[in-house]
Amino acid sequence: MRRHGHTDQVKFGRQLAQFIVDQLGGAGNVVMVTGVAGTGADSDRNKGAKEVFAANPGIKVVAEYSGMWDSATAQRVTAAQLPSLPEVDGVWVSGGTDGVIKAFADAKREMPVFGGEAENGFRKYMAGTLTPQVTGMSIGQPPYLSVVALELARAVIKKEREKANLTIPFPVVTGSALTPGETVFPDLPDSFFADFTDSGPNAILVLCQQAATDGTPCPGATLSVKLGTP
């Protein structure tokens with residue numbers, strides 16, 4: 001049987017929703033911008049978010065629509081929705097977060113709190129590199145799962161770990177953890193996904209930009225993967 005690292009998409013939805021609830025003090029109007037309907041990740045993320053919102057009766061979901069995990073699509077459909085929406089205090093976005101922000105800015109609407117994906121553009125808005133600056137939490141589906149899976153396989157072969165699947169926490173960034181060149185990249189496109197690396201003192205692994213964009217080894221660095229306690 002194969003052993004591999006994976007992520008919990010229901011938890012993805014819950015984490016973003018809980019951030020919004022906490023920021024709003026448990027009360028406010030929230031919009032959900034979902035992903036591609038019928039996919040497992042979309043269903044799981046939506047499930048997790050709705051569980052959190054349902055547990056907080058002061059939260060009212062005033063709109064739910066698909067942004068197709070695409071910034072341009074999310075911007076277009078959000079722009080179409082905004083004229084009919086009341087004041088929006090928080091937006092939960094499964095993908096296309098920077099597009100949703102642009103729609104709010106173009107409509108000259110007050111900026112809500114955002115819980116969204118790992119688009120570099122979103123993180124630029126969070127960091128204030130792009131204006132208006134927004135309050136948000138950025139979570140990504142990490143492409144470094146493949147690196148973790150290789151390290152897990154090595155550890156199992158070397159009998160350093162028992163054979164068992166491993167659930168990897170998502171790389172999470174809030175405003176206080178935004179560092180240019182590490183978790184947000186001012187010189188890279190808005191569409192670039194910045195979740196190729198983890199960050200913080202408990203990072204699963206840390207990769208440099210060159211490794212992600214060019215496949216170039218990080219200068220002067222030795223790659224270390226933290227698999228946690230078996």
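The values are calculated or read from the model by the stated rules, or taken from the named source; none is laboratory data. Since this is a predicted model, take the numbers as computed values, not measurements. Glycine gets a Cβ as well: all are built from the backbone with ideal geometry, and neighbour counts include every protein chain shown. Note: accessible area is taken over every heavy atom of the protein model, side chains too, but ligands, DNA and RNA are not part of it. Shrake-Rupley method; radii C 1.70, N 1.55, O 1.52, S 1.80 Å.
In this structure, does Phe196 turn out to be aromatic (Phe, Trp, Tyr) and part of a loop (DSSP other than H, G, I, E, B)?
Considered against the rule, which asks whether it is aromatic (Phe, Trp, Tyr) and part of a loop (DSSP other than H, G, I, E, B), Phe196 comes out as yes.
Is it the case that some residue within the stretch 188-202 is hydrophobic (A, V, I, L, M, F, W, C), buried (at least 17 other Cβ atoms within 10 Å of the Cβ) and more than 19 Å from the chain's Cα centre (by Cα)?
no
Considering only the stretch 12-112, give the helices (runs of 4 or more DSSP H) lying wholly within it that have at least 3 residues that are closer than 23 Å to Ile168 by Cβ.
Answer list for the stretch 12-112: 40-54.
Of (1) under 26 Å from Ala107 (Cβ atoms); (2) of a type outside the set (Ser, Thr, Tyr); (3) open to solvent by 50 Å² or more (accessible area, probe 1.4 Å), Phe53 satisfies all except one. Which?
Failing condition for Phe53: (3).
Is it true that Gln81 is touching a residue at least 40 places away in the same chain (Cβ under 8 Å), open to solvent by 30 Å² or more (accessible area, probe 1.4 Å) and farther than 17 Å from Gly140 by Cα?
Criteria met by Gln81.
What number of residues within the stretch 207-230 satisfy the criterion of being touching a residue at least 24 places away in the same chain (Cβ under 8 Å) and open to solvent by 80 Å² or more (accessible area, probe 1.4 Å)?
Of the residues in the stretch 207-230, 3 are touching a residue at least 24 places away in the same chain (Cβ under 8 Å) and open to solvent by 80 Å² or more (accessible area, probe 1.4 Å).
Here is a check on your reading of the model: is Pro132 under 30 Å from Ala49 (Cα atoms), part of a loop (DSSP other than H, G, I, E, B), open to solvent by less than 70 Å² (accessible area, probe 1.4 Å) and in contact with an Asp or Glu (Cβ under 7 Å, 6 or more places away or on another chain)?
Criteria not met by Pro132.
So which of Glu117, Glu182 ends up being acidic (Asp, Glu), open to solvent by 20 Å² or more (accessible area, probe 1.4 Å) and either within 19 Å of the chain's Cα centre (by Cα) or within 23 Å of Gln18 (Cβ to Cβ) (or both)?
So the residue among Glu117, Glu182 that is acidic (Asp, Glu), open to solvent by 20 Å² or more (accessible area, probe 1.4 Å) and either within 19 Å of the chain's Cα centre (by Cα) or within 23 Å of Gln18 (Cβ to Cβ) (or both) is Glu182.
A quick yes/no check of all residues on (1) assigned to a loop (DSSP other than H, G, I, E, B); (2) aliphatic (A, V, I, L, M); (3) in contact (Cβ under 8 Å) with a residue 40 or more places away in the chain:
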residue	(1), (2), (3)
Ala149	no, yes, yes
Ala155	no, yes, yes
Ala164	yes, yes, yes
Phe170	yes, no, yes
Glu182	yes, no, no
Asp187	yes, no, no
Ser191	yes, no, yes
Gly200	yes, no, no
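Here is a yes/no grid of residues against (1) under 22 Å from Ala41 (Cα atoms); (2) among the acidic types (Asp, Glu); (3) touching a strand residue (DSSP E or B) at 6+ places or on another chain (Cβ under 9 Å); (4) surrounded by fewer than 19 Cβ atoms within 10 Å (Cβ to Cβ):
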residue: Gly58; (1), (2), (3), (4): no, no, yes, yes
residue: Ala72; (1), (2), (3), (4): yes, no, no, yes
residue: Gln75; (1), (2), (3), (4): yes, no, no, no
residue: Val91; (1), (2), (3), (4): yes, no, yes, no
residue: Gly95; (1), (2), (3), (4): yes, no, yes, no
residue: Val100; (1), (2), (3), (4): yes, no, yes, no
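Okay, residues lined up against (1) of a type in the set (A, V, I, L, M); (2) closer than 30 Å to Val30 by Cα:
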| position | (1), (2) |
| --- | --- |
| Val100 | yes, yes |
| Met111 | yes, yes |
| Pro142 | no, yes |
| Ala155 | yes, no |
| Gly175 | no, yes |
| Asn202 | no, no |
